[in-house]
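Structure incoming, see below.
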Amino acid sequence: MKNSGLVITSKWIYPVVGTPVLQGAIVIRNGRIEAVGTRDAILSAHRDLEHLDYGEAIVTPGLINLHSHLDYTALGPLDTSASLFDWIPSLMKSVSKWQPIDFFESALYGARLNALAGTTMIVDSSYSGQSAEAISHAGLKGVVGLELFGLDKNRFELPWKNWLERLAKLENEGSAELKNAIAEGRVVLTCSPHAPYTVCPPLFREAKKWAETRQLPLLSHLAESPEECGWLQGGSEIIDAYLIKVMPSIPERDTATLLKSIDWKKASHSPVAFLKEHELLSNRLVAAHSIHVNDEDVKLLKAAGVSIAHCPRSNARLRNGRAPFSSYLKAGVNAGLGTDGLPSTDSLDLVAEANFALNLHRAAEPESKLSAPDLLEAMTMGSARAIGMADKIGSLEAGKRADIAVFKIAPQAAEFVPEVAARFAEQFADPADTLIRFPTRVEAVFVDGESIVEGGRLRNMQTYARQ
Ligand SMILES: [Zn+2]
């Protein structure tokens, strides 16, 4: 298929950049999109190519999940009522005996759930690095940030050195599949300094410098909880207790002593102002959550070109609040959507995330103009811009990679839909609204023109030897 070419047709082609095409078609050749147009015109010009007709379906760019933790997918049933700082230690305790193979299996489960939800690119933060293995094994694309922690500003070189070693180990000792994916640019490894309350400014700066030199995105959590804001402004007993529980003890200076020596808290600090003061804002930064911000923070994020990974369901589940998503869009701050990890949300389904976002923000801000097309933009082009790949993915345009999702409009059975309902649907349905508000199911997914999901099922369910 990769070399011979393929024409996909369906009721709607939703290119995100450009106008939706009714009865549309896409030509795929050599892993790229060659043309997008109407069904009749494309089919008459390409009679020689294989033709897949998806009928009552909406074809979109492959979705981009801008924030996740695939490693923890198997912990989906973890306490669903905890708040953030009870939840993280219980998550860490649950995986304390896991081997790399356990992280891999858990991450592969997550990568496959993403594929089955129409996602082709996963932006993931991972301590083990196994999510990079899982993404390449599943045939998807990924930007994987190896997580970085370290609060001791006098000894930040050590965690940085350890991080560089972990990265080199993953690059050099990874599977052939991962090495190929990296060589072909399908998987990109980068750095993920965890959060302002777990990474000291000089260590965060090393990570920023490293990512900027390589023109890579830098993945972090920002302004996620009221406790984070309190801690940066002077102290939070909840965060201190959490850090003592989870940070590895440092020789000669245990974590409690270390916490007393931290001298970068300031009453005036919001998390964004803190990053600004330490010159840590950058157009490479993808800031997950970004809930607790004021008007000045929004301006700072816009001026620095920071992108936001909006995770409304995780934010709600962990009782962290609601990010001002409409204000970000209005201010011109680039934003995408992320599901976050399965232990802090209901599913790894980005369309469900968009549905929740639309209703949440309208309920909280009746004046909000947020629309279904805005959400579709966010989970395709918004996320592509965030990771510096807007020239390659995020829309259905000639020349871009053929990363494509096909959503079947449900219910399929025509006899089930009364005539009057069908007429109504025909008259009013906007494809973006249909996708986000009404039941659809993922029929097919292509990555670089290769079929990953067909007929709602994964093509590659190949297993691997458990050692
Ligand atoms: Zn996260």
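Just to be sure I understand, how many residues within the stretch 305-317 are over 14 Å from the mean Cα position of the chain (by Cα) and surrounded by fewer than 24 Cβ atoms within 10 Å (Cβ to Cβ)?
Initially, the stretch 305-317 is screened for residues over 14 Å from the mean Cα position of the chain (by Cα), giving 305-306, 315-317.
Subset that is surrounded by fewer than 24 Cβ atoms within 10 Å (Cβ to Cβ): 305, 316-317.
Matching residues across the stretch 305-317 total 3.
Taking the stretch 280-322 as the region of interest, how many residues are among the small types (Gly, Ala, Ser) and under 18 Å from residue 81 (Cβ atoms)?
The first filter runs over the stretch 280-322 and keeps only residues among the small types (Gly, Ala, Ser), leaving 282, 287-288, 290, 303-305, 307, 309, 314, 316, 321.
Still in the list and also under 18 Å from residue 81 (Cβ atoms): 314, 316, 321.
Final tally of qualifying residues: 3.
Which pairs do you get when a residue that is assigned by TED's automatic domain parsing to the domain that holds residue 434 and under 20 Å from residue 81 (Cα atoms), found in the stretch 331-354, comes within reach of a residue that is among the hydrophobic types (A, V, I, L, M, F, W, C) and surrounded by 24 or more Cβ atoms within 10 Å (Cβ to Cβ), reach meaning Cβ atoms under 8 angstrom, with the pair 6+ apart or on two chains?
none
Each row is one residue, and each column tells you yes or no for (1) more than 27 Å from residue 196 (Cβ to Cβ); (2) of a type outside the set (D, E, K, R).
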position	(1), (2)
68	no, yes
71	no, no
77	yes, yes
90	no, yes
142	no, yes
157	no, no
170	no, yes
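Would you mind stating whether residue 328 is out of contact with any His (no Cβ under 7 Å at 6 or more places or on another chain) and within 16 Å of the ligand (Cβ to nearest atom)? Can you show your working first?
Details: out of contact with any His (no Cβ under 7 Å at 6 or more places or on another chain): yes; within 16 Å of the ligand (Cβ to nearest atom): no.
So residue 328 fails the test.
Kindly list the number of the only condition in (1) more than 13 Å from the ligand (Cβ to nearest atom); (2) touching a helix residue (DSSP H, G or I) at 6+ places or on another chain (Cβ under 7 Å) that fails for residue 305.
With (1) more than 13 Å from the ligand (Cβ to nearest atom); (2) touching a helix residue (DSSP H, G or I) at 6+ places or on another chain (Cβ under 7 Å) applied to residue 305, the lone miss is (2).
Within the stretch 182-294, which strands (runs of 3 or more DSSP E) (wholly inside it) include 3 or more residues that are at negative phi, more than 16 Å from the ligand (Cβ to nearest atom) and among the hydrophobic types (A, V, I, L, M, F, W, C)? Write out each step before concluding.
On the way: elements: 187-193, 218-222, 285-289.
Qualifying strands (runs of 3 or more DSSP E): 187-193.
Can you give me the number of residues within the stretch 318-327 that are surrounded by fewer than 22 Cβ atoms within 10 Å (Cβ to Cβ) and either at positive phi or in a helix (DSSP H, G or I) (or both)? Don't jump to the end; show me each part of the working.
We begin by selecting, within the stretch 318-327, every residue surrounded by fewer than 22 Cβ atoms within 10 Å (Cβ to Cβ); these are 319, 321-322, 326-327.
Narrowing the set further to residues that are either at positive phi or in a helix (DSSP H, G or I) (or both) leaves 319, 321, 326-327.
The qualifying residues number 4.
Also, I was wondering about something else. Scan (1) part of a strand (DSSP E or B); (2) in contact with a Phe, Trp or Tyr (Cβ under 7 Å, 6 or more places away or on another chain); (3) surrounded by 15 or more Cβ atoms within 10 Å (Cβ to Cβ); (4) of a type in the set (A, V, I, L, M, F, W, C) for the single condition residue 64 breaks and write down its number.
(2)
Now a separate question. Failed condition for residue 58, given (1) free of Cβ contacts under 8 Å to residues at least 12 places away in the same chain; (2) crowded, with 16+ Cβ neighbours inside 10 Å, with all others met?
All conditions are met except number (1).
Another question, then. Is the stretch 153-162 home to any residue that is aliphatic (A, V, I, L, M), outside any strand (DSSP E or B) and buried (at least 19 other Cβ atoms within 10 Å of the Cβ)? Reasoning before the result, please.
Residues of the stretch 153-162 that are aliphatic (A, V, I, L, M), as a first pass: 158.
Imposing the further condition that a residue be outside any strand (DSSP E or B) reduces the set to 158.
Subset that is buried (at least 19 other Cβ atoms within 10 Å of the Cβ): none.
Checking the stretch 153-162: not a single residue is aliphatic (A, V, I, L, M), outside any strand (DSSP E or B) and buried (at least 19 other Cβ atoms within 10 Å of the Cβ).
Would you mind stating whether residue 128 is surrounded by fewer than 17 Cβ atoms within 10 Å (Cβ to Cβ) and touching an Asp or Glu at 6+ places or on another chain (Cβ under 8 Å)? Steps first, please.
Details: surrounded by fewer than 17 Cβ atoms within 10 Å (Cβ to Cβ): no; touching an Asp or Glu at 6+ places or on another chain (Cβ under 8 Å): yes.
It is false that residue 128 is surrounded by fewer than 17 Cβ atoms within 10 Å (Cβ to Cβ) and touching an Asp or Glu at 6+ places or on another chain (Cβ under 8 Å).
If only one of 445, 406 is on the phi < 0 side of the Ramachandran plot, part of a strand (DSSP E or B), in contact with a Phe, Trp or Tyr (Cβ under 6 Å, 6 or more places away or on another chain) and among the β-branched types (Val, Ile, Thr), which one is it? Lay out the reasoning, then the answer.
Numbers: 445 fails: in contact with a Phe, Trp or Tyr (Cβ under 6 Å, 6 or more places away or on another chain).
Only one candidate passes the filter, namely 406.
Another one. What number of residues within the stretch 330-370 are among the hydroxyl-bearing types (Ser, Thr, Tyr) and surrounded by fewer than 16 Cβ atoms within 10 Å (Cβ to Cβ)? Break it down into steps so the answer makes sense when it comes.
Just the residues of the stretch 330-370 that are among the hydroxyl-bearing types (Ser, Thr, Tyr), to begin with: 339, 344-345, 347, 368.
Still in the running and surrounded by fewer than 16 Cβ atoms within 10 Å (Cβ to Cβ): 347.
So the answer is 1.
The values are calculated or read from the model by the stated rules, or taken from the named source; none is laboratory data. What you see is a predicted model; the values in this text were computed from it and never measured. With ideal geometry, Cβ positions are generated from the backbone for all residues, glycine too; neighbour counts draw on all protein chains shown.
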